[in-house]
Amino acid sequence: MKPIALLKVTALAVLTSGFMVGCQQSSTEDMPAEPTMAEDTCEGATPEVRNAIYAAKLKNARARNLGADWEENAKIIEEAEKAAADCENVRAKVLANKAEAAAAAAIKAMQMAPVEEVAEPAPVEESPYLGGYLVVSGDNLWNIAGQDTVYSNPFMWPLIYKANSGQIKDADLIYPGQYFYIPKAKGNERAAAMEHAKNRGAWTLGETEASDLDYLSQ
């Protein structure tokens, strides 16, 4: 090859090589640098946010004690705490304020609700009777009143007579199968019954004595 031709080839090779290197360098220089990760500067919730969350918890606890707890409110407070931990302080405060306002509204509604009046139980009327007695063969008012389960005092028989006068026509004549109510022996009634039994006077079987009628009218 002639020297001139060789020089041309060499010059062309150098030129081409320089161009390639230049392009490679230019390409490398033009590429943007890889972004570097910013250091994590999150330090948690701010005092203002912590106070807002605490206020929401306090208000919600009071609502719970009054029976006005709203289940969703607890979830909102949890979301606020999570947002605060992730340094989303604005969102955390908004959620906390929302929860506090909802709890306050629930408390107000509970306090304004009418209180149901508990009706007092009706007084139980005391029975005027000790119980009842079923007449059997051989019974009379005297021996019924004298029984221990009745008055233990035969002179109290007029009380039974007066309480059951609708089915006793003659105080000296009663029948098996009759059912008598046994009234309680109260002070004045007790005294009047004993007075009549002791001062009744003569009697006739099958007739209603005048003294018995006088006693019944008292």
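Every number here is computed from the coordinates shown, using simple stated rules; none is lab data. A quick note: this is a predicted structure, and the numbers were derived from the prediction, not measured. We place every Cβ from the backbone using ideal geometry, glycine too, and count neighbours over all the protein chains shown.
Remarks
- Between TRP142 and ASN188, the simple label model (points 7 Å from Cα in the Cβ direction) yields a spacing of 3.0 nm.
- Whole-number D in µm²/s for the range 129-216 (Stokes-Einstein; Kirkwood sum over Cα pairs; 20 °C, 1.002 mPa s): 166
- Over all Cα atoms in the range 47-111, the spread is summed up by Rg and Dmax: 11.3, 37 Å.
- Each Cα pair under 8 Å and six or more residues apart adds its separation to the average, and for the range 129-216 the resulting relative contact order is 34 percent.
- In order through the range 84-90: 3J(HN,Hα) via Karplus (6.51 cos²θ - 1.76 cosθ + 1.60), integer Hz, x for Gly, Pro: 5, 5, 8, 6, 8, 5, 5
- As a proxy for reagent exposure, ranking ASP148, ASP214 by other Cβ atoms within 10 Å from fewest up yields ASP148, ASP214.
- Those lysines that a straight Cα-Cα span of less than 24 Å connects to LYS82, excepting residues fewer than 8 apart in one chain: LYS57, LYS59, LYS93, LYS98
- The order of GLU207, GLU72, GLU81, GLU100, going from fewest to most other C-beta atoms within 10 Å of their C-beta, is GLU72, GLU207, GLU81, GLU100.
- VAL94, VAL136, VAL124 arranged by Cβ crowding within 10 Å, fewest neighbours leading: VAL124, VAL136, VAL94
- Cβ-based net charge around ARG91, under 14 Å, with every Lys or Arg adding one and every Asp or Glu removing one: -3
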